[in-house]
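First the structure, in the form of structure tokens, and then the observations on it.
The values are calculated or read from the model by the stated rules, or taken from the named source; none is laboratory data. All figures in this text were calculated on a predicted structure; none of them were measured in a lab. Cβ coordinates were reconstructed from backbone atoms using ideal geometry, including for glycine residues, and neighbour counts include every protein chain displayed.
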């Protein structure tokens with residue numbers, strides 16, 4: 001059985017941890033998902049509905065972020081519509097070293 005990490009399966013006990021993850025990302029100046037997708041020549045999302053795939057979640061994201069380019073990295077990881085064969089563990093094992101290197105960098109070159 002495959003378990004996917006999504007925006008709908010976090011327990012309430014983890015909410016303070018998730019807030020701390022976002023706050024630490026801001027302090028460390030992590031780049032948003034849009035910047036990473038552009039850097040690695042991936043098709044950028046054009047709308048919140050394109051990112052999330054769920055109209056209610058897209059409306060919530062639009063309310064909080066207001067711009068598709070402003071979606072933070074961790075938020076985008078759990079709200080992005082999963083591909084047919086992409087799961088978080090495989091993504092981390094393949095792109096982990098690049099992600100860590102990129103997250104620590106203050107600026108990404110185009």
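Observations on the structure shown:
- Of all residues in segment 2-38, those being at pLDDT 80 or above, assigned to a loop (DSSP other than H, G, I, E, B) and surrounded by 14 or more Cβ atoms within 10 Å (Cβ to Cβ) number 3.
- Where a residue in segment 67-78 is over 15 Å from residue 39 (Cβ atoms) and its partner, wherever it lies, is modelled with pLDDT under 80, with Cβ under 7 Å and at least six apart: 78/5; 78/6; 78/7
Residue-by-condition table, conditions (1) in a loop (DSSP other than H, G, I, E, B); (2) within 24 Å of residue 20 (Cα to Cα); (3) modelled with pLDDT under 80; (4) touching a strand residue (DSSP E or B) at 6+ places or on another chain (Cβ under 9 Å):
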| site | (1), (2), (3), (4) |
| --- | --- |
| 51 | no, yes, no, no |
| 57 | no, yes, no, no |
| 62 | no, yes, no, no |
| 69 | no, yes, no, no |
| 76 | no, yes, no, no |
| 91 | no, yes, yes, no |
| 95 | no, yes, yes, no |
| 98 | no, yes, yes, no |
| 106 | yes, yes, yes, no |
